[in-house]
1. Report, by residue number, each residue of segment 86-125 that is within 16 Å of the ligand (Cβ to nearest atom), under 16 Å from residue 28 (Cβ atoms) and assigned to a loop (DSSP other than H, G, I, E, B).
2. Check 19, 83 and return the single one that is surrounded by fewer than 13 Cβ atoms within 10 Å (Cβ to Cβ), at pLDDT below 95 and within 16 Å of the ligand (Cβ to nearest atom).
3. Only one of these is modelled with pLDDT of 95 or more and touching a Pro at 6+ places or on another chain (Cβ under 7 Å): 62, 102. Name it.
4. Give the residue that is nearest to the ligand (Cβ to nearest atom), with candidates limited to residues of segment 48-66 that are surrounded by 15 or more Cβ atoms within 10 Å (Cβ to Cβ) and not in a strand (DSSP E or B).
5. Which of the residues belonging to segment 42-60 are of a type in the set (A, V, I, L, M, F, W, C), within 17 Å of residue 104 (Cβ to Cβ) and under 13 Å from the mean Cα position of the chain (by Cα)?
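The values are calculated or read from the model by the stated rules, or taken from the named source; none is laboratory data. These numbers were taken from a predicted model, which means no experiment stands behind them. When we count neighbours, we look across all protein chains shown, and the Cβ atoms used for this are built from the backbone with ideal geometry, even at glycine.
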Amino acid sequence: MAASTIKLLTIVLFLALISEGYGKCLLSDISVSQSRTGVMVEGKPEWSVSITNKCSCAQTNVILNCTGFRSAEKIDHSILIVSLLPRFCLVKPGQTINRDEVVSFKYAWDNQFSLNPISSESLCP
Ligand SMILES: *[C@@H]1O[C@H](CO)[C@@H](O)[C@H](O)[C@H]1NC(C)=O
């Protein structure tokens, strides 16, 4: 095989690796767990949410599906911003969530919301 062909193949392979998301985090690398704190806020149970970045890279712009989300308890805007309809939640807006970092907040409502991750941007080296 001519050297130029090998060079071309190498470039094509390299580009394919990039477009396949080599070195990217998966949505499943973001773990969301919730539990009841046992505290009542304005007559509604309080829930504690922990979001963990289980990817080996840092992540930013982590967005959760916040369909139906409401809270009787005020949530710190540096931890979570809830958009108007359709409901999306941005975790730690403008900040990086490092590997193994746990981001926590609490809300209060009659029912628990699922808060599944729907998008994130990985910051792999
Ligand atoms: C968000 O959650 C709602 C209710 O669980 C679901 O119907 C909807 O399809 C989800 N949206 C996305 C973008 O995953």
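1. 114, 115, 116 - these are the residues of segment 86-125 that are within 16 Å of the ligand (Cβ to nearest atom), under 16 Å from residue 28 (Cβ atoms) and assigned to a loop (DSSP other than H, G, I, E, B).
2. After applying the criteria, what remains is 83.
3. Residue meeting the stated conditions: 62.
4. For segment 48-66, the residue satisfying everything is 66.
5. Within segment 42-60, 49, 51 meet the criteria.
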